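The values are calculated or read from the model by the stated rules, or taken from the named source; none is laboratory data. Since this is a predicted model, take the numbers as computed values, not measurements. Note that we place each Cβ from the backbone using ideal geometry, even for glycine, and neighbour counts take in every protein chain shown. Heavy atoms of the whole protein, side chains included, go into the accessibility calculation; ligands, DNA and RNA do not. Shrake-Rupley method; radii C 1.70, N 1.55, O 1.52, S 1.80 Å.
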Amino acid sequence: MTVKTRSTYMDKEWIEAAERIKTIAHPVRLYIISLLKNKKEMNVGEFQSILYIEQAVVSHHLNVLKNKNILSCRRDGKNMYYSLKNKKFLNLLTCIETNLNQ
């Protein structure tokens with residue numbers, strides 16, 4: 001006999017979801033996700049030229065997103081290429097974009 005337990009806000013899944021939402025709750029990180037929505041993969045230099053911020057700052061934000069399993073990366077020579085690992089964030093991004101000008 002399987003006993004079902006009630007889901008609570010303290011369940012591991014809810015805590016992890018909250019952590020990921022906190023991670024993307026930064027304008028640069030949201031914009032990075034938005035860029036990757038349209039372009040499947042980008043390197044640090046491409047982000048830097050679009051965002052007009054220092055490479056170290058871009059790398060910091062990319063690493064934060066990678067460490068929370070939102071982005072994945074691959075190395076090609078000297079370049080690191082980033083892509084969305086968790087496509088579920090595109091749904092959240094769409095909700096945010098829909099409400100930007102309201």
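Points to keep in mind about this one:
- Rounded to the nearest 20 debye, dipole of the chain from Cβ charges on Lys, Arg, Asp, Glu: 340
- Using a probe of 1.4 Å on the protein chains alone, the accessible area found for residue 96 is around 60 Å².
- With all protein chains modelled, accessible area of residue 28 [1.4 Å, Å²]: 30
- For segment 42-77, there are no residues whose amide N sits under 15 Å from a probe point set 7 Å from the Cα of residue 14 along the beta carbon direction.
- With distances taken between every two different alpha-carbon atoms, segment 3-102 has a Kirkwood hydrodynamic radius of 14.7 Å.
- Share of carbon and sulfur in the accessible heavy-atom surface of segment 29-102 [1.4 Å probe, %]: 50
- With all protein chains kept in place, the per residue accessible area of the chain amounts to 73 square angstrom at a probe of 1.4 angstrom.
- Helix 27-38 and the longest principal axis of the Cα set of the chain meet at an angle near 80°.
- Degrees, to the nearest 10: 89-98 long Cα axis against longest axis of the chain: 80
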